[in-house]
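The values are calculated or read from the model by the stated rules, or taken from the named source; none is laboratory data. Everything quoted here is computed from the prediction, not taken from an experiment. Cβ placement follows ideal geometry from the backbone for every residue including glycine, while neighbour counts extend to all protein chains displayed. Ligands, DNA and RNA are excluded from the accessible area calculation, which covers all protein heavy atoms including side chains. Shrake-Rupley method; radii C 1.70, N 1.55, O 1.52, S 1.80 Å.
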Amino acid sequence: MAGAGDGAVRCQRIGCDAMFTEEDNVEGSCRYHDSPLFHDGMKEWSCCKQRSHDFSLFLAIPGCKTGKHTTEKPVTKIVSSSAQKKPVPVRSPDQNKKNDDSCSRCRQGFFCSDHGSQGRSSKPAVVVSTADNQVENTPAPVKKKVGINEPQVCRNKACGKTFKEKDNHETACEYHPGPAVFHDRLRGWKCCDIHVKEFDEFLSIPPCTRGWHNADAA
């Protein structure tokens, strides 16, 4: 692998991001993906149809195509369910604020500037009413025990690295606490308020937060 100090440049293909020089740029040295698809809360690569609901796991899917590295940014065409425009009746501002459930972005838990909604869980907490009219939350699921040397995949957004608990510490992980924002052809992160137009630029936005690796992140 080429180093940053020997004239190497970064490959611009989606899913590669490797450093290379022309001397080591041979056929098959680059693994990459074509354009991503976003629909009904699912993230999918158009080239291999591999998909995931979790954004960090989606970015960690290995490239399915091989070729040579390139410094030219690919032309990405992101297809989403919102791309198929349908006539929408004109609503008053009060109606727009009240009908968050009719907005696909609100339903999927993304930040929505139209309704001012924050990312939220798709499953509400379950409450149980007792005979004494007291309300209590259902107990949290028991977290499985993992050995300190067992490899785990961090599910913090924009991380996706494999780690061992013995090496985990308060600055081991670089990630975005989120949520991711996709709105009006802009893509970015609410946590650091950075928004770009191109998907490959969105993938290259550096993480803004340090913390512990977490294999059970939401």
Within segment 178-207, restricting attention to residues that are open to solvent by less than 70 Å² (accessible area, probe 1.4 Å) and assigned to a loop (DSSP other than H, G, I, E, B), which residue is modelled with the lowest pLDDT?
G178
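Within segment 176-204, which residues are of a type outside the set (G, A, S) and in contact with a helix residue (DSSP H, G or I) (Cβ under 8 Å, 6 or more places away or on another chain)? First the steps, then the outcome.
If we filter segment 176-204 for residues that are of a type outside the set (G, A, S), which is where we start, we get 176-177, 179, 181-187, 189-203.
Residues satisfying the conditions are F182, H183, R187, V196, L203.
Filter segment 15-43 down to residues that are of a type in the set (F, W, Y) and open to solvent by 20 Å² or more (accessible area, probe 1.4 Å) and give me whichever is modelled with the lowest pLDDT.
Here is the first cut: in segment 15-43, the ones of a type in the set (F, W, Y) are 20, 32, 38.
Adding the requirement that they be open to solvent by 20 Å² or more (accessible area, probe 1.4 Å) leaves 32, 38.
Values: Y32: 86, F38: 76.
Ranking the candidates gives F38 first.
How about segment 159-177: which of its residues are open to solvent by less than 40 Å² (accessible area, probe 1.4 Å), assigned to a loop (DSSP other than H, G, I, E, B) and either aliphatic (A, V, I, L, M) or at pLDDT 90 or above (or both)? It would help to see each step written out before you state the result.
Step one: list which residues in segment 159-177 are open to solvent by less than 40 Å² (accessible area, probe 1.4 Å), which gives 159-160, 163, 168, 172-173, 176.
Those left that are additionally assigned to a loop (DSSP other than H, G, I, E, B): 159-160, 168, 172, 176.
The answer is N168, A172, H176.
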Could you pull out the residue among R155, R105, R210 that is buried (at least 16 other Cβ atoms within 10 Å of the Cβ), modelled with pLDDT of 85 or more and of a type outside the set (G, A, S)?
R155
Inspect segment 76-96 for any residue being open to solvent by 80 Å² or more (accessible area, probe 1.4 Å), at pLDDT 75 or above and outside any strand (DSSP E or B) and give the result as yes or no.
no
Of all residues in segment 44-71, which are surrounded by 14 or more Cβ atoms within 10 Å (Cβ to Cβ), touching a residue at least 40 places away in the same chain (Cβ under 8 Å) and polar (S, T, N, Q)?
S56, T70
